[in-house]
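K.L.:
Take a look at the following structure, please.
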Amino acid sequence: MLELLDEVRARVSVVFPPAYNRFPHNFSHVFAGGYGAGYYSYKWAEVLSADAYSLFEENGVLDPATGGRFRDEILGVGGSRPALESFVAFRGREPKIDALLRHHGMA
């Protein structure tokens, strides 16, 4: 694995790590210290974002009524209520993963 990484670096890197560097052997960013649970929150944010945007896709990206609902139910309330409540108030239902899967070419 280290040989492959060195080959890729030889083609694309601007700065080369020292020979003693063993980054692929100690990378634990996602798996150590509970970060995996935090990473899940990024995916959940993607679900909400894609699903919210799908309402614009359904009604037209420049639809004034949809934009007004987004302004009033998401932006206008900010952090004054739980994000899920704001999402439901905007979208009119609980979040679904369908739009995220579609945006990633998985559905």
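Bear in mind that the values in this text are calculations on the coordinates, not laboratory data. Computed from a prediction, not measured in an experiment: that's the story for all the values here. Here the Cβ positions follow ideal geometry from the backbone for every residue, glycine too, while neighbour counts run over all protein chains shown.
K.L.:
Quick check: pseudo-label points 7 Å beyond the Cα along Cα→Cβ at ARG11 and GLU58, how many nm apart are they?
P.N.:
4.4 nm
K.L.:
Per-residue HN-Hα couplings for the stretch 69-86, Karplus 6.51 cos²θ - 1.76 cosθ + 1.60 at θ = phi - 60°, whole Hz, x for Gly and Pro?
P.N.:
Using θ = phi - 60°, the values come out as 5, 4, 4, 6, 9, 10, 5, x, 8, x, x, 6, 9, x, 4, 5, 5, 5 Hz.
K.L.:
Shifting gears a bit: Let me know the longest stretch in the chain that avoids all trypsin sites (Lys or Arg not before Pro) found in a DSSP loop with at most 15 other C-beta atoms within 10 Å. Intermediate results must be reported in sequence, preceding the final value.
P.N.:
On the way: sites that count: ARG22, ARG93, LYS96.
Longest site-free region, per DSSP loop and neighbour criteria: 23-92.
K.L.:
Suppose only helical runs count, i.e. DSSP H with n ≥ 4. What mean residue ellipticity at 222 nm does that imply for the chain under -39500 (n - 2.57) per run, divided by all residues and rounded to the nearest 500 deg cm²/dmol? Walk me through the numbers on the way to the answer.
P.N.:
Details: 6 runs with 62 residues, N = 107.
Estimated from H runs of four or more residues: -17000 deg cm²/dmol.
K.L.:
How many nm is it between the label spots at VAL88 and ASP72, if each spot is 7 Å from the Cα in line with the beta carbon?
P.N.:
1.9 nm
K.L.:
Let me ask something else about it. If I build a Gaussian network model for the chain, linking alpha-carbon pairs within less than 10 angstrom, which residue out of TYR39, TYR53, TYR20 has the largest mean-square fluctuation?
P.N.:
Residue with maximal mean-square fluctuation among TYR39, TYR53, TYR20: TYR20.
K.L.:
Taking a ≥ b ≥ c as the square roots of the eigenvalues of the Cα gyration tensor of the chain, is the shape rounded (a/c under 1.5), prolate (a/b larger than b/c) or oblate? List each step's numbers first, then the result.
P.N.:
On the way: a/c = 3.14, a/b = 2.33, b/c = 1.35.
Here the chain falls in the prolate category.
K.L.:
Could you give the angle, 0 to 90 degrees to the nearest 10, between helix 2-12's Cα long axis and the longest principal axis of the Cα atoms of the chain?
P.N.:
The two axes meet at around 70 degrees.
K.L.:
Now, a different point. Only four residue types carry charge here, +1 at the Cβ of Lys and Arg and -1 at the Cβ of Asp and Glu. Report the dipole size of the chain about the Cα centre in Debye, rounded to the nearest 20. Kindly include the intermediate steps, with their values, before the conclusion.
P.N.:
Working: 11 positive and 13 negative charges, 43 e Å.
In total the dipole reaches around 200 debye.
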